[in-house]
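To start, the structure itself, in structure tokens.
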Amino acid sequence: MPRLDILPIESLILHEDHDAQRSAPLIEKLRGAGVLRNPPIVMPLTDGTERYMVLDGANRVTSLHELEFPHLVAQLVEADDQNVNLQTWNHVVWGMSPKSLMSELRKLKGVDVVKVDTHKSVDAPKYAPVNARLPDGKLYLLLEEPTDLANHIATLHAIVNAYKTSASLDRTSQTFIEPFREVHKDLTALIIFPRFKIRTLLKLAGRKIVLPTGITRFTVSPRTLHLNYPLHELSSGKPIEYKREYLKKWVDERVMKKGVRLYAEATFLFDE
């Protein structure tokens, strides 16, 4: 069984920006549903502060925080768990001309926009650069020389800010732009981000340095979905010890009634 626990919402630290366009309607959806459908996934920080980094569920955590919930039910995983993996999301961007995007990127302080000649090798930079692939096949490296990791993260924010309010974007694991040419007639670019290590994100989260929204993807197995935990139990003023005991009984009851099922195979959900 996945490890579920009741945690103080103030102990949860985001590792990337939440998406305000998604969290605002989520507040109303939570109010209407009265349940927390999918619990966020969190990982303890390694600094002994009893804080937890949110791996998945930043918008849910943000929404419940704005609703002034004192506690939240979450799935806990550990940094050394072999079934926890960190991957990278890239951004497919459309609705903005490629020329306008490149103009905005060239304005960024400390960023050198370099067109890549695919027939020549490029010296490895200090930090793995963001790549920008355009619909015409051109490839650009967004090179930087930050003084430290915090400045590197600030540069990533500046890159995402160059298009996130002027265009539409979606997350993808794809690294080639060709499949999107037929999907988006007004395709702008495919922005490819560097990979991070879990330990690095834990350190950044402990310093409250967050990544741009939608560039990291944690995969966890097993994963708790469709928990549908009653929100009134989380919003009440009862002590956390009571809430933890209630959660245990609540889960045990569903197990006894055969209301919990494990899907060992890859699964597509059509009701998300």
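The values are calculated or read from the model by the stated rules, or taken from the named source; none is laboratory data. No experiment lies behind these values; they were computed from the predicted model shown. No Cβ is skipped: glycine too gets one built from the backbone with ideal geometry, and neighbour counts run over all protein chains shown.
Keeping to the stretch 162-184, report how many residues are farther than 16 Å from Asn131 by Cβ and either in a loop (DSSP other than H, G, I, E, B) or modelled with pLDDT of 95 or more (or both).
So the answer is 8.
Which residues, counting only those in the stretch 82-115, are charged (D, E, K, R) and modelled with pLDDT of 95 or more?
Selection gives Lys99, Glu104, Arg106, Lys107.
Of everything in the stretch 228-257 that's within 19 Å of Pro70 (Cα to Cα) and acidic (Asp, Glu), which residue is surrounded by the most Cβ atoms within 10 Å (Cβ to Cβ)?
Residue satisfying both the conditions and the ranking: Glu233.
For the stretch 205-248: of the residues being among the aromatic types (Phe, Trp, Tyr) and touching a helix residue (DSSP H, G or I) at 6+ places or on another chain (Cβ under 8 Å), which is nearest to Ile153 (Cα to Cα)? Don't jump to the end; show me each part of the working.
Taking the stretch 205-248 as the starting set, the residues that turn out to be among the aromatic types (Phe, Trp, Tyr) are 218, 229, 242, 246.
From the residues that got through so far, the ones that are touching a helix residue (DSSP H, G or I) at 6+ places or on another chain (Cβ under 8 Å) too are 229, 246.
Numbers: Tyr229: 35, Tyr246: 41 Å.
That would be Tyr229.
Under the condition of being out of contact with any helix residue (DSSP H, G or I) (no Cβ under 8 Å at 6 or more places or on another chain) and not in a strand (DSSP E or B), which residue from the stretch 78-91 is surrounded by the most Cβ atoms within 10 Å (Cβ to Cβ)?
Applying the filter and picking the extreme gives Trp89.
Checking the structure you have, find out if any residue of the stretch 59-77 is part of a loop (DSSP other than H, G, I, E, B), within 21 Å of Leu225 (Cα to Cα) and under 17 Å from the mean Cα position of the chain (by Cα).
Yes.
Could you say which residue among Arg217, Arg199 is in a strand (DSSP E or B), modelled with pLDDT under 95, within 22 Å of Gly57 (Cα to Cα) and not polar (S, T, N, Q)?
Criteria check complete, one pass: Arg217.
Go through (1) surrounded by fewer than 10 Cβ atoms within 10 Å (Cβ to Cβ); (2) farther than 20 Å from Pro2 by Cα one by one and return the number of the condition Leu269 breaks.
(2)
Among the residues of the stretch 35-58, how many are part of a loop (DSSP other than H, G, I, E, B) and touching a strand residue (DSSP E or B) at 6+ places or on another chain (Cβ under 7 Å)?
Of the stretch 35-58, the ones part of a loop (DSSP other than H, G, I, E, B) are 37-40, 45-51, 57.
Filter once more, keeping what is touching a strand residue (DSSP E or B) at 6+ places or on another chain (Cβ under 7 Å): 39-40, 45, 51, 57.
Residues in the stretch 35-58 being part of a loop (DSSP other than H, G, I, E, B) and touching a strand residue (DSSP E or B) at 6+ places or on another chain (Cβ under 7 Å): 5 in total.
Could you pull out the residue among Gly48, Gly34, Gly137 that is surrounded by fewer than 21 Cβ atoms within 10 Å (Cβ to Cβ), over 26 Å from Val160 (Cα atoms), among the small types (Gly, Ala, Ser) and out of contact with any Leu (no Cβ under 7 Å at 6 or more places or on another chain)?
Working: Gly34 fails: out of contact with any Leu (no Cβ under 7 Å at 6 or more places or on another chain); Gly137 fails: over 26 Å from Val160 (Cα atoms).
None of the others qualify; the one that does is Gly48.
Which of the following residues is under 15 Å from the mean Cα position of the chain (by Cα), of a type outside the set (Ser, Thr, Tyr) and not assigned by TED's automatic domain parsing to the domain that holds Asp136: Leu201, Leu225, Leu234?
Going through Leu201, Leu225, Leu234 in turn, the sole match is Leu201.
If you go through the stretch 129-155, how many residues are of a type in the set (A, V, I, L, M, F, W, C), within 15 Å of Leu211 (Cα to Cα) and out of contact with any Phe, Trp or Tyr (no Cβ under 7 Å at 6 or more places or on another chain)?
Summing the residues that are of a type in the set (A, V, I, L, M, F, W, C), within 15 Å of Leu211 (Cα to Cα) and out of contact with any Phe, Trp or Tyr (no Cβ under 7 Å at 6 or more places or on another chain) in the stretch 129-155 gives 4.
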